[in-house]
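Novice: Before anything else, here's the structure in question.
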Amino acid sequence: MKKKLICEKIGGSPQFVITAPELMKAVIDLDPALWAATSAPCESLSANSKFISYLDPNNSGSIRVDEVIAAIKFLLESFKSEQELNNQSEALNLSELNVESGAGKDFLKFVKKSFSVKDETAELTLKQVSDKIDIVSSGALKGDGNLTAKAVENAADLNLFNDILAISAKDCLTQELLDKFIADAEDFLQ
């Protein structure tokens, strides 16, 4: 059964409203001239900041029509059925991922590796994801490429770590900073 496009008066003009996941397909073909805006500043949006950052892959500070369309295509491609997008439970059944698509296959591979999931029919819960984010972001190695003193295990390494930071006037060690220190030390020794 085909769904009809529904418009509501928003900001003084009729705007397309997505009431069901299958209507997202219609957004892909909707002329950008019919959109309420062709871009929106990220800071004006009320949503999870990490989610917003995924919609703004080039870090321009705004989300454009083509970026919204790319996100919709990614969602539709990632699942076997758009009805899974209507699932309001706090768990994703991995068997719903479309492993025939690159996006779905990559997502399943990431979940298996990151959450030690072996069974492709298992569920990934919101709690599992939240717990994993908490573990990664609270540890000494956060995956951001910055090394802090908490990650240095022995006294000799900690002394070298502190010396490098003192010379550079930085509060954490990056690969770029370490490479510069090594190059400068080699130049000094020559």
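The values are calculated or read from the model by the stated rules, or taken from the named source; none is laboratory data. What you see is a predicted model; the values in this text were computed from it and never measured. Note: ideal-geometry Cβ built from the backbone for every residue, glycine included; neighbour counts use all protein chains shown.
Novice: Whether any residue in the stretch 125-144 is touching a residue at least 24 places away in the same chain (Cβ under 8 Å), over 30 Å from LEU85 (Cβ atoms) and of a type in the set (Ser, Thr, Tyr) is what I want to check. Steps first, answer last, please.
Specialist: Taking the stretch 125-144 as the starting set, the residues that turn out to be touching a residue at least 24 places away in the same chain (Cβ under 8 Å) are 125-127.
Within this subset, residues satisfying the condition of being over 30 Å from LEU85 (Cβ atoms) are none.
Among the residues of the stretch 125-144, not one is touching a residue at least 24 places away in the same chain (Cβ under 8 Å), over 30 Å from LEU85 (Cβ atoms) and of a type in the set (Ser, Thr, Tyr), which makes the answer no.
Novice: Exactly one of (1) in contact (Cβ under 8 Å) with a residue 24 or more places away in the chain; (2) in contact with a Leu (Cβ under 9 Å, 6 or more places away or on another chain); (3) charged (D, E, K, R) is unmet by LYS105. Its number?
Specialist: (1)
Novice: Continuing with the same structure: Mind checking whether some residue in the stretch 28-42 is of a type in the set (D, E, K, R) and modelled with pLDDT of 90 or more?
Specialist: Scanning the stretch 28-42, I find no residue that is of a type in the set (D, E, K, R) and modelled with pLDDT of 90 or more, so the answer is no.
Novice: Also, I was wondering about something else. Give just the number: which of (1) surrounded by 12 or more Cβ atoms within 10 Å (Cβ to Cβ); (2) among the charged types (D, E, K, R); (3) over 30 Å from GLY12 (Cα atoms) does LYS73 not satisfy?
Specialist: All conditions are met except number (3).
Novice: Oh, and also: State whether one or more residues within the stretch 14-23 are among the hydroxyl-bearing types (Ser, Thr, Tyr) and at pLDDT 90 or above.
Specialist: There is no residue in the stretch 14-23 that is among the hydroxyl-bearing types (Ser, Thr, Tyr) and at pLDDT 90 or above.
For (1) over 20 Å from ALA26 (Cα atoms); (2) outside any helix (DSSP H, G or I); (3) of a type in the set (A, V, I, L, M); (4) touching a residue at least 24 places away in the same chain (Cβ under 8 Å), each residue gets a yes or a no:
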| residue | (1), (2), (3), (4) |
| --- | --- |
| SER60 | yes, yes, no, no |
| ILE69 | no, no, yes, yes |
| LEU75 | no, no, yes, yes |
| LEU85 | no, no, yes, yes |
| SER89 | yes, yes, no, no |
| SER95 | yes, no, no, yes |
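Novice: A further question follows. Restricting to the stretch 97-130, count the residues that are part of a loop (DSSP other than H, G, I, E, B) and over 16 Å from SER78 (Cα atoms).
Specialist: So the answer is 5.
Novice: Still on this structure: Any chance the stretch 21-44 includes a residue that's among the aromatic types (Phe, Trp, Tyr) and either in the same structural domain as LEU126 (by TED's automatic domain parsing) or not in a loop (DSSP other than H, G, I, E, B) (or both)?
Specialist: No, the stretch 21-44 contains no residue that is among the aromatic types (Phe, Trp, Tyr) and either in the same structural domain as LEU126 (by TED's automatic domain parsing) or not in a loop (DSSP other than H, G, I, E, B) (or both).
Novice: Tell me yes or no: at least one residue of the stretch 143-155 is at pLDDT 85 or above and among the charged types (D, E, K, R).
Specialist: no
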